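For reference, the structure discussed in these notes is given below.
The values are calculated or read from the model by the stated rules, or taken from the named source; none is laboratory data. Since the structure is predicted, the reported quantities are computational estimates derived from the model, not experimental observations. Neighbour counts are summed over all protein chains in view; Cβ atoms, including those assigned to glycine, are modelled from backbone coordinates with ideal geometry. Areas reflect the complete protein model, heavy atoms only, side chains present, ligands, DNA and RNA absent. Shrake-Rupley method; radii C 1.70, N 1.55, O 1.52, S 1.80 Å.
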2 protein chains.
Amino acid sequence: MRHDKKLTIKDIAAAAGVSAATVSLVLNGKGEISSVTRARVLEAVASLNYVPRVAKSGSAAAATLRFLKIAKHGHTVNRDHSVFISDYIDGMSSEASRRSYKLEIASFEGQPISAVAETIAGAPISGVIVLGTELTEEDIVLIQGLGVPTVFIDTFHPIVDANFVDMNNEDAVHKVLARFQEQGFERIGFVTSHVDTTNFRLRREAFFSNVDRLGITIDPADILSVESTYEGSYLDTRRLLSDGLKLARCYFCTNDIIAYGFIRALREHGVSIPGDVSIIGFDNLPQSATMNPSLTTIEVSKRKIGYLAVAILDEIINAGEPQPPVKILVGAELVLRDSHDAGNSNGTATLLRSGSVADQLISSSSARKA
Amino acid sequence: MRHDKKLTIKDIAAAAGVSAATVSLVLNGKGEISSVTRARVLEAVASLNYVPRVAKSGSAAAATLRFLKIAKHGHTVNRDHSVFISDYIDGMSSEASRRSYKLEIASFEGQPISAVAETIAGAPISGVIVLGTELTEEDIVLIQGLGVPTVFIDTFHPIVDANFVDMNNEDAVHKVLARFQEQGFERIGFVTSHVDTTNFRLRREAFFSNVDRLGITIDPADILSVESTYEGSYLDTRRLLSDGLKLARCYFCTNDIIAYGFIRALREHGVSIPGDVSIIGFDNLPQSATMNPSLTTIEVSKRKIGYLAVAILDEIINAGEPQPPVKILVGAELVLRDSHDAGNSNGTATLLRSGSVADQLISSSSARKA
DNA sequence: TGGGGGAAAGTTTAGTAAACGTCTGCGGTG
DNA sequence: CACCGCAGACGTTTACTAAACTTTCCCCCA
C-alpha cells in the first residue's frame, strides 16, 4: 500500500476488524483493550504504514517523565547503592505506567549542574524526578528555577520552595537510639562521615536531636568520622583502632556500607560483634542480610518514595493553577539481625543471655510488624 | 409493588430503560455513567424497593471516611477558625467523592480521647481523618493504636508511627523572617502563646531555628506571650504596654487571631501600624484582608491538606500490605498587605518612603507569584 | 441433614455508537 | 494571489451494552 494513498483511522479499523474508536484508544493507550485486539490494531498500523492526521507532539502515545540520576562526586551515588536506584525506579515505573506516563532515565556523573539543566529545558518531557542525594541547596534551586514540573528525592530541605520525597531520618534514628536505650547500653557511639550529602547531615542532626529527646548522654569521643566507602571506612577505623580508640558498647553507623567496613576492622582487631560491640546500620542493602554477622539496620521503602514522587509530580503537571510545594517524609523500619544483641554494658550470665535471645526473637517479630 | 415480589436487577434495568450491567455499575459506583442515567436507575431502585440479592456489608454503595473534628480545649479549634475546618472539608470532600468515598463528619468538644476512640472501633467506616490540632502525642498514639486506617491533619510528630499531613511551619516562618530581614528591620519581635498545640510549638521552634539560620539577633524582651483568643491577646498586650513594654520594630504573630488583638491594643496605645510597628500574622483568615490595616500574613492551602489526607488514607485502605508511615508538609505563601511595610528602623524621608511603596507593590506581585 | 449441581442473579471486561472537538481543504471575495 | 469562512473529514471521548465470568441460592438425592 503506497504512502501517498491517504489512509485514515477507518482504513486501519477495517483492516483490524474493529471500530475507529478502538483504534484511537489503542494508539492513545486509553480505555480497556485486550492485548489480542491491541496487537491486531498495531499490526494493521504497521503493515499499512498509517500516519495519523493529527501530528503528535512527541509522537509517543504517553507523556514522558524523566528520572535524573545525578552523581556529582559519587561518594554515595555509586555501584554500592545501585540497588536503591533500582528500587526507586521500580516504584516510579509502576506508578508512572499506572498513570500512563513513560519513564525515561538519564544519568550524569561528575558533570556540572548547568549541564544537567541544559538537557531539561525545552526537552519533550512532562516533568522530572531528580535524585538529589549529592545535590546542594543551590543545585536544587537552579533546577527548580527551570520551571519544569520537578520532584526531588533522597534529599530534603524544609524551606526551599520545591517538592521533596525523602526518608524520615528523624524517625529512623529515633528507632535506633530507642532500641539501644531499651537494651540498657550506656555507652552509645555514632559512626558518621564528613561527606557532604543532605541525608548524612540530616542523619547527624537526627542523632543529636534524638539523643536530647531520649535523654541520652554521649561522650564526644564516641562520635567517629570515617570515609563513606567500604574501603575508606575500613581503613579509617583501623587507623582509629591503632591510635588506641576506646570502643563504646554499641554504634549506629550512618549507612550500611560504612557499617561493613567498620565491622571488618573491629573483627580484625579481635572485637566480637555483637558480643563486645553492637552495630546498627542504615539502608538494608541486600548484603546486610547475608553477611556474617548479619547486620541489624534501618529499612526505608525506596519503592514507596519512587511511587509518591510520581504521584506528586502528576499532580503538579495536571494542576490547573500553581500548587504549594509539598514535602513528604516516608517512615522507616528497624530490621533486627545478628550484629546487634540485647546484651547490656556489663557482662551477662548465660541464662540472661538466653532470655535475651528469646526477647530478641519477640522484638524482631514486633519490629517487623510496626 | 410488594416487597415479597422477588425483584431482580433485570426489573430495575427494565424500569430505568438500561441494561442490567448499567444498574450494577450504578449501584457499585463503578464505570462511566452519566448523572442523568444514574438518577434514573436510583429512582427505579427506590420506587420499586429493590433489595439486591447479594448482601452488602455496609449497605452503602460507597465506602465511608470519617472526619473527626476534635476540640479538646477549644483554644484554637473554635468558631474563630471555622473557615479552616471548612477548607479542610472542601479538600477532603472533593477528593473523597473522586475516589468514591462518602465523607462523614463527627465533632467532639471537651470529651476525653477515650470517648472519641469508642466511636471509631467497630464503626462501619473504611478510615478516619483526625483533626489533630489540640491533640497530644499520647492522644495520637491511642487513636493510631485502634488499627483503623488513620491520617492526622493540622499536627505533626516526626517520630510517631502515624500518618500526618500538616503545614510546613519551618518554611512559613522562614518566609516571614526573611521578609523582615530583607526590609532591614533590626529589631524583630515574636508574639507567641502559651497554649499547648503542636503547631504553636512547631511555629515557636521554627522561629528560633530560622533566627539561627538567618543570623538574626533577638532580644528576649521582644518575645511576647499572650492568650490565644482575640480578647485575651488584646488584654494581655494592653497589660504589657501599660507595664512599659518597649516595642520592637516588627512582630511576627503566631496566628491571625493573636495579631488582631495585638494590633488593636497597639493602635489604642497610639502606635501606628505599619509606620511604627510592622505586623505579620499566620493563617490568612478572611478578616485579614478586610480589616484596617489589612494584615500581611501566611497563607497555607488547607484544601490541599484535606486533599492529600484523603489520597494517603485511600492508599492505606487499599494497600495489600502494611505501608510505612508517611508525613507530608504542605508549603506556605506570604501574602503582603498593609500591616507590614518596607520601612526601616530609622525614620525615612518621604521620597524614600514613596519608593518603598513602589517596592512593596512589586514585592507583593512577586510574593503572590511564588 | 448435608453435599453437589445447575440455574439465576449480579459483576466485570472490553468493544462500539454517537457525540464532541479539531483540522484541512475548498470556494468565494477583495 | 492571498485571506477568510464554512463544511466535511478525521480523530477522540463518553457512556452504554453484549457477553463472559463469578457468586449465590435452591433443589434434589443419598
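The residue list A:VAL211, A:VAL226, A:VAL176 contains one member that is under 20 Å from A:GLU134 (Cβ atoms), at pLDDT 90 or above and among the hydrophobic types (A, V, I, L, M, F, W, C), which is A:VAL226. Residue count for the stretch A:253-306, restricted to those that are charged (D, E, K, R) and within 14 Å of A:HIS81 (Cα to Cα): 4. Inspection of the stretch B:300-312 finds no residue satisfying the criterion of being out of contact with any helix residue (DSSP H, G or I) (no Cβ under 6 Å at 6 or more places or on another chain) and surrounded by fewer than 18 Cβ atoms within 10 Å (Cβ to Cβ). Residue check: is A:GLY189 open to solvent by 40 Å² or more (accessible area, probe 1.4 Å) and more than 14 Å from chain B (Cβ to nearest Cβ)? Judged against the criteria, A:GLY189 is not a match. Just one of the numbered conditions (1) surrounded by 15 or more Cβ atoms within 10 Å (Cβ to Cβ); (2) part of a helix (DSSP H, G or I); (3) modelled with pLDDT under 90 is not true of A:VAL195; which one? Status for A:VAL195: all satisfied but (2).
Within the stretch B:18-37, the residues that satisfy the criterion of being surrounded by fewer than 19 Cβ atoms within 10 Å (Cβ to Cβ) and either more than 7 Å from DNA strand D (Cβ to nearest atom) or part of a helix (DSSP H, G or I) (or both) are B:ALA20, B:ALA21, B:SER24, B:LEU25, B:ASN28, B:GLY29, B:LYS30, B:SER35, B:VAL36, B:THR37. Could you go through the stretch B:295-307 and let me know if any residue there is within 11 Å of another protein chain (Cβ to nearest Cβ) and without any contact (Cβ under 8 Å) to a residue 24 or more places away in the chain. No, that holds for no residue.
Pairing residues of the stretch A:19-37 that are without any contact (Cβ under 8 Å) to a residue 12 or more places away in the chain with residues that are assigned to a loop (DSSP other than H, G, I, E, B) and near DNA strand C (Cβ under 6 Å from one of its atoms), at Cβ distances under 6 Å and at least 6 apart in sequence or on separate chains, gives A:LEU25/A:GLY31; A:LEU25/A:ILE33. Pairing residues of the stretch B:214-229 that are closer than 23 Å to B:ASP171 by Cα and touching a residue at least 40 places away in the same chain (Cβ under 8 Å) with residues that are in a loop (DSSP other than H, G, I, E, B) and among the hydroxyl-bearing types (Ser, Thr, Tyr), at Cβ distances under 7 Å and at least 6 apart in sequence or on separate chains, gives B:SER228/B:THR76. Between A:ALA206, A:ALA265, A:ALA172, the distinction of being free of Cβ contacts under 8 Å to residues at least 40 places away in the same chain and within 14 Å of chain B (Cβ to nearest Cβ) belongs to A:ALA206 only.
Among the residues of the stretch B:285-294, those identified as more than 11 Å from B:ASN255 (Cβ to Cβ) and either in contact (Cβ under 8 Å) with a residue 40 or more places away in the chain or in a loop (DSSP other than H, G, I, E, B) (or both) are B:PRO286, B:ALA289, B:MET291, B:ASN292, B:PRO293, B:SER294. For the subset of the stretch A:55-82 comprising residues that are in a loop (DSSP other than H, G, I, E, B), away from DNA strand C (no atom under 16 Å from the Cβ) and not charged (D, E, K, R), which member is modelled with the lowest pLDDT? Per the criteria, the residue is A:ALA60.
Every residue in the stretch A:10-19 that is near DNA strand C (Cβ under 10 Å from one of its atoms) and under 13 Å from A:LEU42 (Cα atoms), please.
If the condition is that a residue be near DNA strand C (Cβ under 10 Å from one of its atoms) and under 13 Å from A:LEU42 (Cα atoms), then A:ALA13, A:ALA16, A:GLY17, A:VAL18 are the ones that fit.
Condition (residue is at pLDDT below 85, within 11 Å of DNA strand C (Cβ to nearest atom) and either crowded, with 16+ Cβ neighbours inside 10 Å or within 14 Å of another protein chain (Cβ to nearest Cβ) (or both)) applied to the stretch B:47-54: is it met by at least one residue? Within the stretch B:47-54, one or more residues are at pLDDT below 85, within 11 Å of DNA strand C (Cβ to nearest atom) and either crowded, with 16+ Cβ neighbours inside 10 Å or within 14 Å of another protein chain (Cβ to nearest Cβ) (or both).
Exactly one residue among B:ALA248, B:ALA259 is surrounded by 21 or more Cβ atoms within 10 Å (Cβ to Cβ) and either in contact with a Pro (Cβ under 6 Å, 6 or more places away or on another chain) or within 20 Å of B:THR76 (Cβ to Cβ) (or both), and that residue is B:ALA259.
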